[in-house]
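The next block holds one structure in the form of structure tokens; read it before the comments.
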Amino acid sequence: MTITDLYLIRHGLADGDGGLSPLGREQADRAGRRLSTVAFDAIHHSALPRAAATAQIIAGHVPAPRHVCDHMLDRTPYPSDRSGYPERWHAWLDGVPAGERDPDAVRLRAAVARLGVVGDTDRRELLITHNFVIGWFVRHVMDAPEWRWLSLYQENCAVTVLRWSSDRPPAMISFNS
């Protein structure tokens, strides 16, 4: 049996300029200390300043190769067909900034296809990203309706662990812990 564990962390609390607030830096430091005993193969993070700063702080506690990963960018699944989405969310979707829209979740599906796979050896990776990216991964693992990513809120620097196994369906080990 081969296992892939993905640890997903939302960036620390942002300041008004897109970086980390003092509390966000403290959250990242605590997350790094908490994960310091976990042997990661890689740290993937968004290029946005709040995620990159979170990754830098956590990497001070977690010795693993770290790099910017396009799959971790702040994306919002944006359905072309809203019939599967509850109507209460339609107006909210209209307010999603154009630069964050991921039409029909094409890029988020690619992120899951690339990172949520089992290879020939066990793998444990840390993903530092944004709320809706984590929501999409969790929704996928739970085999929930596509719109359910909207209802999954990840706290800043909380840890969610998802597992892919060669002999079982994907599973959520922990959420927002």
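The values are calculated or read from the model by the stated rules, or taken from the named source; none is laboratory data. Here the structure is a predicted model, which means the values were calculated and not measured. Don't worry about glycine lacking a Cβ; one is built from the backbone with ideal geometry, like all the others, and counts go over all protein chains shown. Surface areas here come from the heavy atoms of the whole protein model, side chains and all, with no ligands, DNA or RNA. Shrake-Rupley method; radii C 1.70, N 1.55, O 1.52, S 1.80 Å.
Let me know the shape class of region 79-132, please: from the alpha-carbon gyration tensor, a ≥ b ≥ c as square roots of the eigenvalues, rounded when a/c is under 1.5, otherwise prolate if a/b is greater than b/c, or oblate. Cα axes put region 79-132 in the prolate bin.
For region 18-35, the Karplus equation 6.51 cos²θ - 1.76 cosθ + 1.60, evaluated at θ = phi - 60°, returns couplings of x, x, 9, 6, x, 5, x, 5, 5, 4, 5, 5, 5, 4, x, 4, 4, 8 Hz by residue, with Gly and Pro reported as x. For region 1-154, the carbon plus sulfur part of the accessible surface works out to 52%, probe radius 1.4 Å. Amide H contacts of ILE173: VAL161, LEU162, ARG163, each under 5 Å away and 5 or more positions distant or on a separate chain (H built 1.01 Å from N in the peptide plane; Pro and chain starts excluded).
Centroid-to-centroid, using Cα positions, region 93-159 and region 34-63 are 18 Å apart.
Taking one quarter of the surface of the C-alpha convex hull of region 43-117 gives a mean projected area of 6.3 nm².
Size of region 3-99 from its Cα atoms: along the principal axes, largest to smallest, the extents are 45, 38, 20 Å. Scalar couplings 3J(HN,Hα) for region 124-141, obtained by applying the Karplus form with A = 6.51, B = -1.76, C = 1.60 to θ = phi - 60°, are 9, 10, 9, 10, 10, 8, 10, 3, 6, 5, 4, x, 5, 4, 5, 4, 4, 4 Hz; x denotes Gly and Pro. Taking the average, over residues, of other Cβ atoms within 10 Å as the packing measure, peptides 82-93, 150-161 rank 150-161, 82-93 from highest down.
Report summary: the helix-based calculation at 222 nm, which adds -39500 (n - 2.57) for every DSSP H run with n ≥ 4 and divides by the residues of the chain, gives -8500 deg cm²/dmol. Take every pair of alpha-carbon atoms less than 8 Å apart whose residues are at least six positions apart; their mean separation over the length of the chain yields a relative contact order of 34 percent.
Entry note, region 114-177: relative contact order of 29 percent, from Cα contacts under 8 Å with a spacing of 6+ residues. Size of region 91-160: Rg and Dmax of its alpha carbons, in Å, are 13.2, 45.
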